[in-house]
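Input: a single structure, listed below in structure tokens.
The values are calculated or read from the model by the stated rules, or taken from the named source; none is laboratory data. None of these values were measured; they are calculated from a predicted model. We place every Cβ from the backbone using ideal geometry, glycine too, and count neighbours over all the protein chains shown. Side chains are part of the model used for accessible areas, which takes the heavy atoms of the whole protein and leaves out ligands, DNA and RNA. Shrake-Rupley method; radii C 1.70, N 1.55, O 1.52, S 1.80 Å.
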Amino acid sequence: MSAPEPLQILVIDDEKGTAEAIAESLERRGHACTIATSGKSGVAKLEQEPFDVVLTDLKMADLNGLEVVERSKQLQPDAEVFVITGFGDVKTAVEAMKRGASHYLQKPIDLAELRAVVENSAKRVGTLRELRRQLDEKFGFEGVVGNSPKMLRVLQLLKDYAPTPASVLILGENGTGKELAARALHTNGRRKNKPFVALNCAAMNENLLDDELFGHEDGAFTGAKGQRKGRFEHAHGGTLFLDEVGDMPLALQAKLLRALENGEVVRIGANDPVKVDVRIIAATNKDIQKEVESGRFRQDLYYRLKVGTIRLPPLREHREDIPQLVAHFLKEFAKRYGKSVPKVSPAVWKALEGYDWPGNVRELRNLLDSIMILDRDGELTPDDFPEDAGIKPHGSSSTPSSGPDHLIGRPLEEVERYYMEKALELTGSNREEAAKLLNISERTMYRKLQEWKKESDKKAEE
Ligand SMILES: Nc1ncnc2c1ncn2[C@@H]1O[C@H](COP(=O)(O)OP(=O)(O)OP(=O)(O)O)[C@@H](O)[C@H]1O
Ligand SMILES: [Mg+2]
């Protein structure tokens, strides 16, 4: 690591002059400082954006500095907290360290000491970021999580296409991460500092979409007041993300193709074209090839859009990634709600990995969100699941009455059946998994199930 990493630093002190002096001294070293002049506004800043270092005074009128330390550690566990104490107030300083502060500075502040301490943490942050980057390379890409063969292939394609100007077509069911992938392509490409403009082609009718994409001149149609740029022009130099492109009306498809081929757009009602330099990323959950075959999607546009194609697999085809995704989202929501990352009970794991996830990763993420809002005990058990969730785990961890106690004294046959059904439930009716869970052969499992089926069919006939 050569030059120290520039840090995002939050300075909290209700003496504005002190805060400004500190910020100025650190900004001269290339760090970016945000000032808060009360404990409360400091905490509010912590809720809004990430910081590498938090510097807080301990004596403030509205909120005790110790509380700021505590909240900071909850909201941003990775950020280092330095406290500023009055001269000789070592006791409070020690208390602050107990609550997670990593250093204390005494008033009046020695700016040279301050800079030295901050440089040190810059080195640590640099190493941490480097480690993260390496981990990211191995396990994910820009928040796209996955380590299964299918997702590794997706990640590789994202990395390959990102730095190129190629149009990329992203295919996949609802909630598989198409928009996330589109953003990852943009932020890792050469246009990352230019705009990323998204437009949902299914959300409006033909005329509105035309206007949104290409803009208009004053008086071009009834209601067209003043001149307005379309999204194409807004995306100039950057990326235009055409979401649900499979739903674009045919007439607009022709106009879009022309714009792409010529590198220019004509606003509605205009005579002269405007040059645009835009990278196109498009996504659809439709079977686009079928749309082409049936004449609902122009073949020439299809080829123009799919210079690169990335297919995002439905979640049920890469269940191996569920543990990593769950960990990722639990961490995200724990941070958002100021809670610790909860433990997940085995029954819940089983259910999560066995469910079919028709809403894919979005369904998983939303489920964990609603569970995390309500969770109090830091552990996810089957009864934490909302009533209306599609997935219903069954377990006995916290409701002993639902355990197998009622089976005591029952015929062995019934006990067997209870466990087999339980195992099938837990594995989402995956017979192979269920047999493994019970440590019996799949054949035995199959035979028993057939027997019971015959019996119940017979009963039904009677
Ligand atoms: N591989 C992944 N890793 C981490 N988060 C993911 C992943 N895939 C999807 N997500 C998250 O799931 C949610 C849904 O993803 P996104 O909106 O990108 O899906 P989509 O394919 O565009 O869905 P739709 O077709 O419904 O528009 C987002 O919050 C996204 O961040
Ligand atoms: Mg989407």
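A few notes on this one:
- Region 100-255 shape via C-alpha gyration tensor axes, a/c threshold 1.5: oblate
- Using distinct alpha-carbon pairs, which all enter the 1/r mean, Kirkwood radius of region 276-320 in Å: 12.5
- Once the Cα gyration tensor of the chain is diagonalised, semi-axes √(5λ) in Å: 46, 42, 19
- Solvent-accessible area assigned to carbon and sulfur over region 317-384 amounts to 53 percent, based on a 1.4 Å probe.
- Between the C-alpha center of region 55-105 and that of region 5-33 there is a gap of 16 Å.
- Qualifying lysines (Cα of each under 21 Å from Cα of Lys16; at least 8 residues distant if same chain): Lys40, Lys45, Lys59, Lys107
- Sorted largest first, the principal axis extents computed over the alpha-carbon atoms of region 248-384 equal 65, 34, 22 Å.
- Near Ala61: Cβ cut-off under 15 Å, other residues only, Lys/Arg at +1 and Asp/Glu at -1. The net charge is -3.
- For the chain, there are no membrane-span-like helices by this rule, meaning no whole DSSP H stretch whose C-alpha atoms cover at least 27 Å of axis and whose Kyte-Doolittle mean is 0.0 or above; this says nothing about an actual membrane.
- Three-way shape label, region 8-133, alpha-carbon gyration tensor, a/c 1.5: rounded
- Cα gyration tensor shape for region 195-283, rounded if a/c is under 1.5, else prolate or oblate: oblate
- If you sort Tyr418, Tyr302 by accessible surface, 1.4 Å probe, largest first, the order is Tyr418, Tyr302.
- Residue list for region 328-347, given a label point 7 angstrom along the Cα-to-Cβ vector of Asn147 and an amide N cut-off under 12 Å: 328
- Computed extension gain for Thr222 through Phe87, at 0.36 nm per residue and net of the alpha carbon distance, reaches 41.5 nm.
- Cross-link partners of Lys448 among aspartates and glutamates (Cα-Cα below 13 Å; sequence separation of 8 or more within a chain): Glu413, Glu414, Glu416, Glu421
- Net +/- balance of residues flanking Ser25 in space, Cβ distance below 14 Å, scoring K and R +1, D and E -1: -4
- Accessible area (Å², per residue) of the chain, counting only protein heavy atoms and a probe of 1.4 Å: 53
- Residues of type lysines that Lys194 reaches as a straight line, Cα spacing below 22 Å, ignoring anything fewer than 8 places off in the same chain: Lys159, Lys178, Lys229, Lys275
- Applying Stokes-Einstein at 25 °C and 0.890 mPa s to the Kirkwood radius of region 317-384, computed over alpha-carbon pairs, gives a translational diffusion coefficient of 203 µm² s⁻¹.
- Percent carbon-and-sulfur accessible area, region 13-111, ignoring ligands, DNA and RNA, probe 1.4 Å: 51
- Ranking by accessible area, most exposed first, for Met445, Met60 with a 1.4 Å probe: Met60, Met445
- Portion, in percent, of the accessible area of region 420-462 that falls on carbon or sulfur, probe 1.4 Å: 45
- Label reach from Leu412 (point 7 Å along Cα→C-beta): in region 423-444, amide nitrogens under 17 Å belong to 439-441, 444.
- For the chain, adding -39500 (n - 2.57) for each run of n ≥ 4 DSSP H residues and dividing by the number of residues yields -14500 deg cm²/dmol at 222 nm.
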